[in-house]
Amino acid sequence: MHTFQPYPIDMLEWNPFTKLANDGIAIVAEAGDKVNATSSFNGGVGHLWGKNVVYMFLRNTRYTKELIDESEYFSACFFDMSEKNNVQLMKVLNQISGRNEDKLKLCHVHIEHALNAPYIDEANFIILCRKIAAVPMTENTVLDPDILKEKYTERHLDDFHTMYIGEILDIRAR
């Protein structure tokens with residue numbers, strides 16, 4: 001188990017826009033005795049309803065989405081992508097379904113908990129969140145026709161995203 005230290009949000013030294021777009025995040029959720037993670041390059045951080053928040057988007061077919069729907073807490077985990085094994089981890093989290101096999105075990109990562117939120121212990125930076133909103137996206141809510149054409153092709157027409165907003169409970173780094 002690694003030691004994570006609290007990280008004040010106003011001390012954030014990296015750009016969340018480029019970090020998310022270039023490296024992605026692992027979203028970790030747990031419901032009952034099931035835990036899963038998926039990688040994502042969609043989302044961000046901001047301020048909403050008087051709270052610091054993380055917002056992210058998961059396709060409706062993702063197993064992690066099912067677990068987030070059943071739970072109150074989740075985490076956003078960031079990794080040092082200069083390490084080759086973390087690049088591989090993010091690929092596995094995206095390409096293999098946790099519904100069919102234990103991809104976390106396959107990647108040799110460990111799940112720990114803080115403030116009721118599961119997180120990957122091998123991460124370098126974690127944001128612990130409490131889910132405060134889930135907003136389904138549909139063909140009617142995506143207003144830009146080019147986005148519909150590019151991102152929701154025939155293959156994904158029935159697989160829109162749900163936007164999740166999580167209140168940031170704590171940020172920790174190691």
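Taken together, the values in this text are just the output of simple stated rules run on the coordinates, not laboratory data. What you see is a predicted model, and the numbers here were worked out from it, not measured in a lab. Cβ sites come from the backbone with ideal geometry, for glycine too, and all protein chains shown count toward neighbours.
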| Pairwise centroid distance, computed over Cα atoms, of the stretch 83-108 with the stretch 128-160, Å | 24 Å
| Which of 79, 128, 49 sits farthest toward the positive end of the charge dipole of the chain, with +1 on the Cβ of Lys and Arg and -1 on the Cβ of Asp and Glu? | 79
| note | Final fewest-first order of 169, 115 on the 10 Å Cβ neighbour count is 115, 169
| task | Could you tally the net charge around residue 14, taking each other residue with its Cβ under 14 Å from the Cβ of residue 14, Lys/Arg +1 and Asp/Glu -1? | result | -3
| note | Per the charge dipole of the chain (beta-carbon charges, Lys/Arg positive, Asp/Glu negative, Cα centre), the residue among 7, 96, 26 reaching farthest to the positive end is 96
| said: As a footprinting exposure proxy, order 97, 75, 40, 82 by other Cβ within 10 Å, with the fewest listed first. | reply: 82, 97, 40, 75
| Qualifying chymotrypsin sites (Phe, Trp or Tyr not before Pro) in the stretch 1-75, DSSP loop, other Cβ atoms within 10 Å at most 12 | 14, 49
| query | Which value, in debye to the nearest 20, gives the size of the charge dipole of the stretch 24-76 about its Cα centre, when Lys and Arg are +1 and Asp and Glu are -1 at the Cβ? | reply | 260 debye
| Dipole magnitude of the chain about its Cα centre (Cβ charges: Lys, Arg +1; Asp, Glu -1), debye to nearest 20 | 140 debye
| Theoretical ellipticity at 222 nm over the chain - DSSP helices of four or more residues, -39500 (n - 2.57) apiece, nearest 500 | -6000 deg cm²/dmol
| said: Can you compute the label reach from residue 81? Point 7 Å from Cα along the Cβ direction, backbone N cut-off under 15 Å, restricted to the stretch 14-56. | reply: 14-27, 39-44
| If you keep only loop residues by DSSP, which GluC sites (Glu not before Pro) in the stretch 1-78 have at most 11 other Cβ atoms within 10 Å of their Cβ? | 13
| note | To the nearest 0.05, the calculated FRET efficiency linking residue 60 and residue 21 through their beta-carbon distance, R0 being 22 Å, is 0.45
| request: Multiply the residue separation of residue 132 and residue 31 by 0.36 nm, subtract the distance between their alpha-carbon atoms, and state the gained length in nm to one decimal. | output: 34.7 nm
| field | Filtered GluC sites (Glu not before Pro), the stretch 83-174: DSSP coil and at most 16 other beta carbons within 10 Å | value | 83, 101, 139
